[in-house]
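Let me begin by presenting the structure, written as structure tokens, before commenting on it.
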Amino acid sequence: MILSMTAFARRETHSALGSLSWELRTVNHRYLEISPRLPEDLRGLEMRVREQIQKRIRRGKVDATLRWTPPVAGENGALAVNEALLNDLARLAAQVGFRVEAQAPLSALDFLKWPGVLQSPSVDLEQLHEAALALLRDALRELVDSRAREGEKLAALLRERLDAIEATVAEVRARVPALLADYRSRLEERLGELRDKVDPARLEQEIVLFATRIDVAEELDRLDTHVGEVRRILGSDEAVGRRLDFMMQELNREANTLGSKSADAQTTQAAVTLKVLIEQMREQVQNIE
């Protein structure tokens, strides 16, 4: 299965433990790079988070952000207030108010917004950790599904271009005999009246030399072989991005050699077409795991 390295997933849950949400973003990268961002109270989860991600993702840069909003409720659902902190804030606000003229007095809402004034009930950290990891697994499933859908589209684009490469190679292969016949015709025409003075063996030797210079059978065979290998790789269940990138280099090398041996405008154009198709494939391959 072909997987794209570009994807996004978000999952959240609300319970007595508070609100938890995961955001996962992946982009292309040469290796697997995981960047977890966790709340201070959940820093101890980092190793387990990395292990979970490594089980599902094999290549790409992964940004994993966990957000946690603790529950804010006292007994019977009433809001709990840190009385000591509230008293300290009120006392300090009064002191500042005497010293700073035109100081706007703090409202009750301002006091409530102060960090720590509204107290959270105690939370079982082990339960919170397990809930965060369970939610991460859900988010990873969503992420992998997204990467798979994108990967199917990338694989389809690559196969379309492989079809075009095979068609171009077949056209060049079919044209080689015509090139030799055309060269023989032009060579005989140039000799003209000197035909009787030219050794037929020498004429055949020139044609053989020309045929050797424009012989692209090896390059065409290799292009066909490489196309077949790319198709095989696309059907693999492993991470194939690096192997595909290597195959793009090999395809490009053969296209360059074909262009350097070109004996006519059509073959030159075919080589250019191949290089364009291969470059389009290379750009898509950069996003494959």
Is there a residue in region 79-97 that is at pLDDT 95 or above and either farther than 24 Å from L133 by Cβ or buried (at least 16 other Cβ atoms within 10 Å of the Cβ) (or both)? no
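One line per residue, one yes/no per condition, for (1) of a type in the set (G, A, S); (2) at pLDDT below 80; (3) assigned to a helix (DSSP H, G or I):
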residue	(1), (2), (3)
A170	yes, no, yes
V176	no, yes, yes
D215	no, yes, no
R242	no, no, yes
List, please: which pairs have Cβ atoms under 7 Å, are six or more places apart or on different chains, and start with a residue in region 240-267 that is closer than 11 Å to L223 by Cα and open to solvent by 50 Å² or more (accessible area, probe 1.4 Å) and end with one that is assigned to a helix (DSSP H, G or I) and at pLDDT 90 or above? N252/K275; N252/I278
Could you check, for region 63-73, whether at least one of its residues is touching a helix residue (DSSP H, G or I) at 6+ places or on another chain (Cβ under 9 Å), modelled with pLDDT under 70 and surrounded by fewer than 13 Cβ atoms within 10 Å (Cβ to Cβ)? no
Could you check region 7-17 and list, in sequence order, the residues that are in contact with a helix residue (DSSP H, G or I) (Cβ under 8 Å, 6 or more places away or on another chain) and either outside any loop (DSSP other than H, G, I, E, B) or modelled with pLDDT of 95 or more (or both)? A7, F8, A9, R10, R11, E12, T13, S15
Under the condition of being modelled with pLDDT of 90 or more and either in contact with a Gly (Cβ under 8 Å, 6 or more places away or on another chain) or not in a helix (DSSP H, G or I) (or both), which residue from region 244-273 is nearest to P177 (Cα to Cα)? A271
Looking at S236, is it open to solvent by less than 50 Å² (accessible area, probe 1.4 Å) and within 26 Å of T6 (Cα to Cα)? yes
Determine whether region 37-58 contains at least one residue that is at pLDDT 95 or above, within 20 Å of Q127 (Cα to Cα) and in a strand (DSSP E or B). yes
Matching residues in region 21-50 (open to solvent by 100 Å² or more (accessible area, probe 1.4 Å) and either of a type in the set (D, E, K, R) or in contact (Cβ under 8 Å) with a residue 12 or more places away in the chain (or both)) number 6
Subset of region 135-153 (residues that are within 30 Å of L274 (Cα to Cα) and touching a strand residue (DSSP E or B) at 6+ places or on another chain (Cβ under 6 Å)): R147, E150, G151
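The values are calculated or read from the model by the stated rules, or taken from the named source; none is laboratory data. Owing to the predicted nature of the structure, the values given are computational and were not obtained by experimental measurement. As a convention, Cβ positions derive from the backbone with ideal geometry for all residues, glycine included, and neighbour counts pool all protein chains shown. For the accessible areas, the whole protein counts, side chains as well, though only heavy atoms, and no ligand, DNA or RNA atoms are used. Shrake-Rupley method; radii C 1.70, N 1.55, O 1.52, S 1.80 Å.
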